[in-house]
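The values are calculated or read from the model by the stated rules, or taken from the named source; none is laboratory data. Keep in mind the model is a prediction, meaning the values are calculated, not measured. Please note: Cβ atoms are built from the backbone with ideal geometry, for glycine as well, and neighbour counts cover all protein chains shown. Each accessible area value is taken on the protein alone, full model and side chains, heavy atoms only, with ligands, DNA and RNA left out. Shrake-Rupley method; radii C 1.70, N 1.55, O 1.52, S 1.80 Å.
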Amino acid sequence: YYSGGNMRQWCQDKDATARLVAAHKVAEAVRFLHAHGVLHRDLKPENIVFKGDAPDATPALCDFDLSVSTIETAERTMQRGTPLYLAPESTPSTASDVFALGVTLLDVMICDGDQERLRQTLAPGGCKIEALKRVRGELGRRTKDAELAALISSMLAPEPAERLVAAAV
């Protein structure tokens, strides 16, 4: 039990700075997982919980049901997770976790944790290449923070090789 609820609940009354600090801590947790050979495969606001409701509450990743070792073979591992947060490629990788983290940042930083707004932004049925190109092009207009827009855009690159690694996030 985490009294702060999940990230979608927690972020509702928090300013951009508090959300960004929390997102940084989550990115550090994802970096740690990847450094230890683990893919989460279902990163999203509902799988990030907070120890309290304060703006500086500590987040924690949860729901490791779909997690796998990075040394699993493609034959034994297929892309799973929540469709709205899935990367376009079919084989899970550290890059697909970074993509899901990018959608999570888009969700809580740009769409204010409003899942319906996120769904409308990314188009029904999940993240398609055309929608990604459109969203990446619009990020600069959706936020006054150019660095945040560039960060999220690089995390949502359609090609896995073009995305940042978790340590760079």
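Using a Gaussian network for the chain with springs between C-alpha atoms less than 10 Å apart, which of these wobbles most: 43, 20, 101? Top of the fluctuation ranking is 20. Solvent-accessible area per residue in the chain equals 49 Å², computed with a 1.4 angstrom probe and all protein chains kept. Residues whose amide H falls under 5 Å from that of residue 5, counting only those 5 or more places apart or on a different chain, are 50, with hydrogens built in the peptide plane. Of 129, 71, 110, the order by accessible heavy-atom surface (1.4 Å probe, DNA, RNA and ligands excluded), from most exposed downward, is 71, 129, 110.
For the set 121, 82, 58, solvent exposure ranked by accessible area (probe 1.4 Å, protein chains only) runs largest to smallest as 58, 82, 121.
For the stretch 109-166, just say rounded, prolate or oblate: build the C-alpha gyration tensor, square-root its eigenvalues into a ≥ b ≥ c, call rounded for a/c under 1.5, and beyond that prolate if a/b exceeds b/c, oblate if not. It is oblate, given that a/c is not under 1.5 and a/b is not larger than b/c. For the chain, what does the helix formula give at 222 nm: sum of -39500 (n - 2.57) over DSSP H segments with n ≥ 4, over the residue count, nearest 500 deg cm²/dmol? Rounded to the nearest 500, the figure is -12500 deg cm²/dmol. From the phi angles alone, apply the Karplus equation (6.51, -1.76, 1.60; θ = phi - 60°) to the stretch 54-59 and give each ³J(HN,Hα) in whole Hz, x where the residue is Gly or Pro. Ordered by residue, 3J(HN,Hα) equals 5, x, 9, 4, 7, x Hz. Working from label points 7 Å from Cα in the Cα-to-Cβ sense, the residue 120 to residue 159 distance is 3.4 nm. Distances between placed amide hydrogens fall under 5 Å for residue 38 paired with 70, all partners being 5 or more residues away or on another chain.
The stretch 90-116 and the stretch 123-169 have their alpha-carbon centroids 9 Å apart. Among 169, 30, the sequence by solvent-accessible area, most first, with a 1.4 Å probe is 169, 30. Shape class for the chain, computed from the alpha carbon gyration tensor (a ≥ b ≥ c): oblate, with a/c not under 1.5 and a/b at or below b/c. Using heavy atoms of the protein chains and a probe of 1.4 Å, the accessible area assigned to residue 56 is about 110 Å².
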